[in-house]
Amino acid sequence: MPITEQQLTVWASAPSPTEMEKIRNARRIIEDILKRNLPVDRIKKEFNLSSFEYEVYLQGSYANSTNVRFDSDVDIVVQMNHPFFSDKTQLSADEKALYAMHYSNTGYTFKAFKTHIFEALKNELTDNQVHWGDKCIDVDANTNRVEADVIPCFQFRLYKRFISYDRQSYVEGIKFFDTSDNTEIINFPKTHLKNCEAKNVETEGRFKDLVRIYKNMRNKMVEDGVIGEDIAPSYFVENLLYNCTSPCFDGNYGDCMINSLQFIFDAIRSGRITGFVCANEQDTLISEKTWNLGNLVSFMEALANYYISSNTR
């Protein structure tokens, strides 16, 4: 069956208002439970903390409105802002000394924060709705909310300079741990979201539309047994299209498909693909910890064949 402009338009569509309402409900419900149940005063006293500040927000495709059918659970970040983790390797010795005058280590650990969040959620939700996971806390869906992965984390600061307390510069990210083996994980969700929003404005909304088309086509190929479900994670597909230049998003959706396919395959042939970055602009798209080049190429070849062959039958 040909993949028509009409089909591409359906695939490009944003999530329904009902789905978005359930997403907002999940975030709001979890934030409200934490406000009522996190024992902030007791934690501050027990760990001798002068400050205990956190925020709750969405990350991933749901936050970016690029979610499609079969996307994974909504990611809800619970980010501890004070205390925080930092990387000071780019600072000079003098800057590190100045930093140490203003900030000191605390005894409050990531494991303690995750445990406190887990206990707070279980205090109001039944035991079979909240599950401890290696990287997050799983909260089951119900009629009012979608299933959620609650990600406890600490603010992470990648420092660029520290001239004084009022003249410090850093890239804000998050840091958390896989509690099964204590592997650290660092992401930059706020920067990713901000850059994707800017890309979408620059392309008059076509960036997010094309991300949904690619992801829906990936899901259809998985359904049809053309590719395996792990070859092209949603996050990497979004980051791949972030590297496409503005002309790739000109014309109708069929034009956008051909333009983006040509751009990406030219980057593969020329080797420019290895210089592609993630939308957070801190990580490269191709690396041991991000996307495997072989998987990217296999996905793109399958996608191109699937799209082109469907329109030449």
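What number of residues in the stretch 139-148 are crowded, with 20+ Cβ neighbours inside 10 Å, outside any loop (DSSP other than H, G, I, E, B) and not basic (Lys, Arg)? Steps first, please.
Taking the stretch 139-148 and keeping what is crowded, with 20+ Cβ neighbours inside 10 Å, we get 139, 145-146, 148.
Subset that is outside any loop (DSSP other than H, G, I, E, B): 139, 145, 148.
Imposing the further condition that a residue be not basic (Lys, Arg) reduces the set to 139, 148.
Qualifying residue count, the stretch 139-148: 2.
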query = Restricted to the stretch 259-313, and to residues that are among the acidic types (Asp, Glu) and within 23 Å of residue 156 (Cβ to Cβ), which residue is most open to solvent (accessible area, probe 1.4 Å)?
reply = 288
task = Would you check which residues across the stretch 256-313 are at pLDDT 95 or above, of a type in the set (Val, Ile, Thr) and closer than 24 Å to residue 198 by Cα and list them?
result = 258, 264, 273, 274, 277, 284, 286
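Results for (1) open to solvent by 10 Å² or more (accessible area, probe 1.4 Å); (2) outside any helix (DSSP H, G or I), shown as yes or no for each residue.
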{"residue": "181", "(1), (2)": "yes, yes"}
{"residue": "185", "(1), (2)": "yes, yes"}
{"residue": "190", "(1), (2)": "yes, no"}
{"residue": "207", "(1), (2)": "no, no"}
{"residue": "221", "(1), (2)": "no, no"}
{"residue": "228", "(1), (2)": "yes, yes"}
{"residue": "238", "(1), (2)": "no, no"}
Positions within the stretch 31-83 being open to solvent by 20 Å² or more (accessible area, probe 1.4 Å), of a type in the set (A, V, I, L, M) and at pLDDT 90 or above, in sequence order = 40, 58
Search result, residues across the stretch 272-313 that are in a helix (DSSP H, G or I) and among the hydroxyl-bearing types (Ser, Thr, Tyr) = 274, 298, 306, 307, 309, 310
task = Kindly provide the set of residues from the stretch 89-133 that are in a loop (DSSP other than H, G, I, E, B) and open to solvent by less than 60 Å² (accessible area, probe 1.4 Å), ordered by number.
result = 91, 92, 103, 107, 108, 125, 133
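The values are calculated or read from the model by the stated rules, or taken from the named source; none is laboratory data. This one's a predicted model, so the numbers in the text were calculated from it and none came from an experiment. Note that each Cβ is placed from the backbone with ideal geometry, even for glycine, and that neighbours are counted across all protein chains shown. Remember, those area values only see protein heavy atoms, side chains included, never the ligands or the DNA or RNA. Shrake-Rupley method; radii C 1.70, N 1.55, O 1.52, S 1.80 Å.
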